[in-house]
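A short worksheet on the structure shown next.
The values are calculated or read from the model by the stated rules, or taken from the named source; none is laboratory data. Model, not experiment: these values are computed from the prediction. Every residue, glycine among them, receives a Cβ derived from its backbone with ideal geometry; neighbour counts consider all protein chains shown. Accessible surface is based on the protein model in full, side chains and every heavy atom, while ligands, DNA and RNA are left aside. Shrake-Rupley method; radii C 1.70, N 1.55, O 1.52, S 1.80 Å.
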Amino acid sequence: MERHEDATITAYPNGPLIVRGDVTILDADGRPLPRHRRTQALCRCGASTIKPLCDGSHKLVGFCTEEPTD
Ligand code: FES
């Protein structure tokens with residue numbers, strides 16, 4: 001019998017949600033996204049041009065997950 005590890009989602013500071021494990025991500029129409037790696041990064045800054053995946057744009061827009069300090 002094949003064993004599957006639990007999938008995990010990790011929120012990275014000032015960055016994407018990293019999805020690890022056996023997970024199928026669907027687009028808005030319910031079609032599975034092509035999967036090239038076991039680890040996938042989901043955009044949470046809203047700036048990615050390949051949503052729902054992260055394309056690194058969070059760095060360009062200065063996405064920050066921490067409260068600004070005065
Ligand atoms: S979190 Fe990386 S592009 Fe949005």
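Figures for the structure shown
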| read-out | value |
| --- | --- |
| Apportionment of accessible area to carbon and sulfur, the stretch 2-51, percent (1.4 Å) | 50 |
| Leu33-Asp55 pseudo-label distance in nm [points 7 Å out on the Cα-to-Cβ vector] | 1.2 |
| Check: the chain dipole with +1 on Lys, Arg Cβ and -1 on Asp, Glu Cβ, in debye | 320 |
| Average silhouette area of the chain, convex hull of alpha-carbon atoms, in square nanometres | 6.1 |
| Within a Gaussian network of the chain (alpha carbon springs, distance under 10 Å), most fluctuating of Leu42, Leu33, Leu17 | Leu33 |
| Inter-label distance, nm, simple model (7 Å from Cα along the C-beta direction), Ala11/Ile25 | 1.7 |
| Where the stretch 1-62 is the region considered: accessible area per residue in Å², 1.4 Å probe | 76 |
